[in-house]
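My questions all concern the structure below.
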Amino acid sequence: MNLPNRLTLARVLLIPVFVILMLLYEKHPYVNYAAAAVFIGASLTDLFDGKIARKYNLVTNFGKFMDPLADKLLVISALICLLYLRMIPVWAVLVICAREFIISGFRLVAAEQGVVLAASMTAKVKTTFQMIMTVSLILDFPWPFFRVLSMILIIISVILTIVSLVEYLIKNRYVLNGEM
């Protein structure tokens, strides 16, 4: 197994560690800093695995499959934990999760037709904002400035989520139409 795939696998293996830390947060108030560190570390593996894979021509089918899946698992796990802790509104989680399921289904349809659909720049920016939003919420600073900042990050993340979904569907509508 090459380095990018190991990084992707590490991201998946960090998810249970992150979830356990988040669930401990209710009884141990400062454990959220450890959870934030694990989340940031896991998020950084996403940055590095792709760069290394492309730079050294280490792109594999495992990586093409697992990398986006690992991203979705990490983000959705974090959102569920934040929802459980009442740190994010339900509507935001629903929009973000719905987009991820729609795009995953869309990619499956494309794959059946032999088409690989790459992530757009908007989707990459969306993911970056979602990760920043998640860290902001995990840190849970009690000051009004950070509460407002977190809400702004939620709104920006949701808007980018919707925009990237619409962009993705319009750009790749030929897949649903069967026009290869």
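How far, in nm, would the chain grow between S104 and M1 when pulled straight, counting 0.36 nm per residue and subtracting the alpha carbon separation?
Using 0.36 nm per residue and subtracting the Cα-Cα distance, I get 34.6 nm.
Could you compute the longest span of the chain free of GluC sites (Glu not before Pro) located in DSSP loops and having at most 15 other Cβ atoms within 10 Å, not counting the site residues?
Answer - 27-178.
Going by Cα centres, the range 36-84 and the range 137-170 are how many Å apart?
Centre-to-centre (Cα) distance: 19 Å.
Restricting to Cα atoms and excluding each atom paired with itself, what does the Kirkwood estimate give for the range 137-180 in Å?
12.7 Å
Continuing with this model, one more query. Need one number: nm distance between label points at A118 and E26, each 7 Å from Cα along Cα→Cβ, rounded to one decimal.
4.5 nm
Now for a different question. Counting other Cβ atoms within 10 Å, which trypsin sites (Lys or Arg not before Pro) in the range 45-89 have at most 10 and lie in a DSSP loop?
R86
Under the Karplus relation 6.51 cos²θ - 1.76 cosθ + 1.60, θ = phi - 60°, what is the ordered set of whole-Hz ³J(HN,Hα) values for the range 129-138, x standing for Gly and Pro?
Taking θ as phi minus 60°, the curve returns 5, 4, 5, 5, 4, 4, 4, 4, 5, 4 Hz for the range 129-138.
With N denoting the number of residues in the range 55-130, provide Rg(C-alpha) divided by 2.2 N^0.38 Å, to two decimal places. Please list the in-between numbers first.
Working: Rg = 14.2 Å, N = 76, 2.2 N^0.38 = 11.4 Å.
Ratio of Rg to 2.2 N^0.38 Å for the range 55-130: 1.24.
Moving on to the next point. Identify, among T122, I88, N177, the residue whose Cα sits farthest towards the positive end of the charge dipole of the chain, taking +1 on the Cβ of Lys and Arg and -1 on the Cβ of Asp and Glu, with the dipole about the Cα centre.
Of T122, I88, N177, it is T122.
Here's something else I'd like to know. With a 10 Å Cβ neighbour count serving as the proxy for reagent exposure, in which order, fewest first, do C81, C97 appear?
Placing the least packed residue first, the sequence is C97, C81.
Among A70, M133, F48, which residue has its Cα furthest toward the positive end of the charge dipole of the chain, with +1 on Lys/Arg Cβ and -1 on Asp/Glu Cβ?
F48
A follow-up question, please. How would you rank S120, S157, going from fewest to most other Cβ atoms within 10 Å of each one's own Cβ? If you can, show how the numbers build up before the last one.
Values: S120 15, S157 24.
The fewest-first ordering by Cβ neighbours comes to S120, S157.
Now for a different question. Mean separation of Cα pairs under 8 Å and 6+ residues apart, divided by the residue count of the range 20-133: what relative contact order is that in percent?
19 percent
While we're looking at this one, here's another question. Select from F65, F18, F48 the residue whose mean-square fluctuation is largest in a Gaussian network model of the chain (Cα-Cα springs shorter than 10 Å).
Evaluated over the chain, the most mobile residue of the options is F65.
Got a sec? How would M133, M1 order by Cβ neighbour count within 10 Å, fewest to most?
With the sparsest Cβ surroundings first, the list reads M1, M133.
May I pose another question? Using the alpha-carbon atoms, what tilt in degrees (0 to 90, nearest 10) does helix 31-55 show relative to the longest principal axis of the chain?
Its long axis makes an angle of about 20 degrees.
Here is a follow-up. Relative to the longest principal axis of the chain, what angle (0 to 90°, nearest 10) does the C-alpha long axis of helix 3-24 take?
30 degrees
Also, quick follow-up: Can you give the convex hull volume per residue for the Cα atoms of the range 1-122, as a whole number of Å³? Can you show the working numbers first?
On the way: hull volume 13.4 nm³, N = 122.
So the per-residue Cα hull volume is 109 Å³.
We did not get these values from a lab; they are worked out from the coordinates using the rules stated. Given the structure is predicted, the values throughout are model-derived calculations rather than measurements. Positions of Cβ are backbone-derived with ideal geometry, glycine not excepted, and every protein chain shown enters the neighbour counts.
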